[in-house]
Structure formats: structure tokens, C-alpha cells
1. Treating the angle as unsigned and between 0 and 90°, give the value, to the nearest 10°, between the Cα long axis of helix 598-609 and the longest Cα principal axis of the chain.
2. Farthest toward the dipole's positive end in the chain, which of Y265, N173, W461, given Cβ charges of +1 (Lys, Arg) and -1 (Asp, Glu) about the Cα centre?
3. Measure out, as a whole number of angstrom, how far apart the alpha-carbon centroids of segment 356-371 and segment 186-210 sit.
4. Taking semi-axes √(5λ) of the Cα gyration tensor in Å straight from the coordinates, which label in [x] 56, 29, 23; [y] 75, 26, 24; [z] 83, 22, 17 is the correct one?
5. Just the number, please: carbon plus sulfur as a percent of the accessible area of the chain, 1.4 Å probe, no ligands or DNA/RNA counted.
6. Nearest 10 degrees, 0 to 90: what angle lies between the long axis of helix 225-254 and the longest principal axis of the chain (Cα atoms)?
7. Rounded if a/c is under 1.5, else prolate if a/b beats b/c, else oblate: with a ≥ b ≥ c from the C-alpha gyration tensor eigenvalues square-rooted, which is segment 439-573?
8. Suppose R0 equals 60 Å. What FRET efficiency, 1/(1 + (r/R0)^6) with r the Cβ-Cβ distance, do N460 and N173 give to the nearest 0.05?
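The values are calculated or read from the model by the stated rules, or taken from the named source; none is laboratory data. Here the structure is a predicted model, which is why all the values come from computation and not from measurement. Counting neighbours? That spans all protein chains shown, and the Cβs are built from the backbone with ideal geometry, glycine included. Accessible surface areas use protein heavy atoms only, side chains included; no ligands, DNA or RNA. Shrake-Rupley method; radii C 1.70, N 1.55, O 1.52, S 1.80 Å.
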Amino acid sequence: MEKIESLQLVLGAENQPLPVKVGGVSIPRMSFFRKIGRGCLLLVALYLTQAQAKQALPNILWITSEDNGPHLGCYGDSYAITPNLDRLAKRSLRYTRASSNAPVCAPARTTIISGIYPPSTGAEHMRSMTRLPADFKMYPAYLRDIGYYCTNNSKEDYNLEKVGPVWDQSGRNAHWKNRPDGKPFFAIFNHTTSHESQIRNRINPIDRIHDPAKVRLPAYHPDTPEVRKDWAQYYDRITMMDKLVGENLRELDEAGLADDTIIFYYGDHGSGMPRSKRWPYFSGLNVPLIIHVPEKFKHLAPPEYKTGGSTDRLVGFIDLAPTVLSIAGKKPPRQMQGHPFMGKHTTPSQPFSFGFRGRMDERYDMVRTVFDGRHVYIRNYMPHKPYGQYLDYMFQTPTTRIWRNLYRAGKLNEAQSRFWQTKPTEELYDLKNDPDEVNNLAKSKQHTATLKRLRKAHRNWANKVRDIGFLPEAEIHSRAGSNSPYEMGQNSNRYDFKSIFEAATIASRKGKKTTEKLNKFIHSNDSAVRYWAAMGYLIRGKSGVKKGQDALVAALADESPSVRIVAAEALGRYGKKAEAERAVKVLMKYADPEKNGISLSMLALNALDVLDNHTAPHREAIAKMSRIDPKANPRLRNYANRLIGHILGEAK
């Protein structure tokens, strides 16, 4: 009753509206409320428009370059000439501790596309090929589900099979301009002009602008005209790359999209010069990363964002996929192992950055690294292999050849010589006092606490990601069977990480006590444990093979071909003559790539390549072998051919 009476008071007698006085002027009540209503609607519409603008998906542009570290003017390098990137940095945020996680292109790009460490997916080896679990997607597929038009121009080079639609367009014609009206875009433009191959190629005289006499050489490189020329041309190529970046930015600006687009610029791993690319030193993993966030999307910016500023936050390629999803408002899927550093789902900064090295082209190795922002910890699991193994592609660079020749001539100092020698089990470097990473502190008592802390971080990481790089490459695939290697690695019944990791750790650390444990390992039921036991005897050289002689001879008939091959290499290099001859026969059995597959073939050919006189009687048979595995992915099909060529003396 009271509500009806109140309503009547408003409406007046016979439901006639009463006038309202505003500023002394009498306005009919109904007209007043209509005006107020329209005003409210306008305010609501304005609020919704602003909210929608704030919540709208930003365009995202990634500009990438190949084989260059942060050798840019904006990173304090006075020798570099990079005006476009310098201008971008003045309105953006620079990351000084960004890592590619892998020091070579394919594993690094595989890290990005999956958001998973390649040692978890079996994809750590250069240009290997494996697959993800059926329910996992590459990050562009998630962006496309959200509504993004995704383009890649143009390099992919993933070590994982692409299943289902990943990109809307990938190739030299891929461009954000091709998107449907109203679609936000995610676009990558990759520039190859700074690639390793371009350091040694001819360059237009007009682009030769860096004086070789003024270049700063790292402490590990010899000072020769050839080395200076290569470094100068590396910088010339960076300047050429910078011009292409400028074109990408101008194109965006001329289209009126600069205010709607978040921009990333980064290099795909460290410098293409030897001992940077392919090696997980900081110089091989540290990349330039510049991020620009326009004003309307500042709510998505990293917490450290400051225009023209820099941050030493540890970020890596493992973080890029979850970060781009976070920018788009999507929570990264559980399988992604990185941490978003901007966007809706930003996480706190991490204390460590991790790196890895597996097979590089035709040569096997296994290295893991940890970086805490100052100290670099390196764990070498195959320390018997020299840093500078002969890689056909790397030796096409003049610096590599002249460097090796000077070593053989005895004309290098200690820091310059180390690259051509075998490795210690552990390395530790202090970047603050040793930016070139030549003073190994692993045995320094003053750094014991740091060494133990980083060693523990490595062990915890390897366990957390279920690092299946401790399997020989052939077993990564054979154990997986019909499943993906990732799924196999997550199953303790199929991959006993604890036992295999223990065997690898002990095998790769010389000492009386560790050597005594190898006999137990070589009789394990797990083939990977036996593999590391055989490797342990090999690592110890003549004394190790003498201690494990009987076990190694028995291992020549092991059910695992990978164990047989490593045992054969150990006996072939350090065993008695009769044992060596028998070992070579085992290696010859597995050397043909067409008969045995590319992984076993490469393992056997690498062993034959270091047996010298024992291999010589088999040169004719090696020359008649198939040089390719027709079933292998085309990207790695030629690696056996390179090894055979080197064994036969065809390489330079």
C-alpha cells in the first residue's frame, strides 16, 4: 500500500506527471526522466566501450633474427650500428638476461613452439624429429582458438611433427595484412641475414662498414686477420638485419596499427661465431629481447616495464609460449613448463635459467647448464669428447679452421687452446669478473657453495622435466613405441629416471669410487644404465677400459645396439688388438644408415671416426655404404654422409 501511494506521489493525480524544477526552470517530470535515461545510457555505453577497448585482444608482432647475441648499440655495444633497434629500445623494455635455452636454431625453436623443454619431448638433438602427445597443441593453435590470425614468415625448423592446423599462413608470403577484417593478428617475421652462413659469404662492399681492426675479440679467439674479418662481417650483417627490422616497424606504423600492437624483437640464440653458437655458455644462450607495449595495453605489460628501461629478470624461450597466451588472456595449459612474464597470468620471476646441448648436426654430446643471473654452471656428461669436434657446417667458417690450425701448430695460449681439448665434468663461471667465460671456478674453494647450489638446481630441474636426453637417441624412439617420447618419459615404469640419472652422473665423474660402481651398472636390467656404464669406461680411457675389459667384451653382444656401439668404441680405442678388431666389426655392422637407421648409424660412424688405424682396413667397405637413411627426416638425412666423408678424408 505504501509503495502504491509513493508511486502516486511521483505520478500525481490521475497518473499525471508532476513538474520538476531544475535551476529554477520547471520541466515536465516524464521529459526529465527521458533525458536522464538517455544520459545514463550514454554513460553506460561509454563505460562498456572503454571496458571493451581495454579487454580487446592486442595485435602481437614478433620480429626475430638469426645467430646474433645482444651485439647491439642499445645493449651498450659501441662497435655495433643498429639505429632502428636502438630507437625501438628507447620506447620499450630491454631484457639483459634472456636465454634461448638451446644454443642452436632447431632445438631453440622447438622450445618456443611447444612451451616444453626438448629434453622432455625427446627433441633436443639438432634436427631430430619426434612428436607431441595427441592432446597437446603448439601455441599458435591455442591463439587461433581464441580468435587470432597467426602467420609465420617464414622459418619453422621444429624438431616436432606439426599435427593439425598450426598457422593460418606460414611461408614467405605470410603476412598480417592477409587477415580477415576485424581479426587480431599474431605475426612473426624472421630475418636470416645475420645467420652463421652469412658471416663467411660474400657481402656487398657498400655494406662493409665495420673496421676489423677495431673489433673486440673474446679471450678465447686468436687475434688473426681472418678472425677479425669474420667478426667485422658478423657486425655488418647485424646492421643489415637492423634495416629489415626498421622496415617491419615502418610497415606497422604506416598501417596505423602501432598503437594496437605489442612488439617483441629477439635473436634466436647467441652469435654464429664458433664457441657461441652450439655451446651453452652464456655467449651461446644469451639473446637480445626488446618488448614494446603501447599505452592502451599497459595493463598487460611486464611488472618491470619502464619505457626505455632494462631488466635483469631471467626469462627464456621456454617462457615465450605461456607468455603470449597470457597476453591473449588464456591461462597456459599445464604441460607448458615455462612461466608467463607478462599478461593476465603473469608469474613471479624465477631464480634460475636452464640450458642444454645434445647432438649437434652429426656429432654427439650432452651438456646441461644452469644460470642464476651471474654464475654459469655447466655439467658435461660426455667429457671425453672435445669441445671442438669436427662439424662439417661449422668448419666452413674461416675462424674455425684457422683457430684449429693454430692449435695444432702450438701457437695458442691456454684460454684459446681449451676449445680443442676434452672437457672437465663441471664448469663454473662468474660473468661479473669473467664475461668471456674462460676462468673455470669449479674447483675453487671460494665458490664451493655456489657450485653446490647450482648443481642441486640442475638435478632438481632434470628430475622435474623428466629429462629423457639421458637415453641414447635411438632408444628415445624405440622406447616410445606407439606413444610420444614425452609420454614414455613421464612413465617411471618405462623410464626409470632416478636410476639412469645416477648412472650418468657417476659414469661422467672420474674417480676410484665412481669407477668401482660401473661394474654394477653394466649388469643392470635397464639398457640405458648399461649404456652409461660402458660410456663411463670409455670416459676413463685406457685405465677404465682395462678395469672393465671383461664386461665390455660381453657388452659387444648386448641386446641394446647402443650399448654394443659404445662398448665397441671403448675397446676399439683402448683395448687390446684382438678386442679392437672385434669391436670394429660391431661398429661396421651398425654404420650403414639405410640398414640400421640414422641414429644408430651416426653413433657407430662417430666411433669409427676416432679409431684411426683400426678403421683404415675398412675404408673400402665404408665407401660402398649407403650414405643416407631414406626413412629419416630430410633435415638430418645427410648427417651420415658427412661422417662417412670425414672418415674417408673427403672433408677439408
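1. 40
2. W461
3. 26
4. Comparing each candidate, only [x] matches the computed number.
5. C and S fraction of accessible area: 50 percent.
6. 20
7. Because a/c hits 1.5 or more and a/b fails to exceed b/c, segment 439-573 counts as oblate.
8. 0.85
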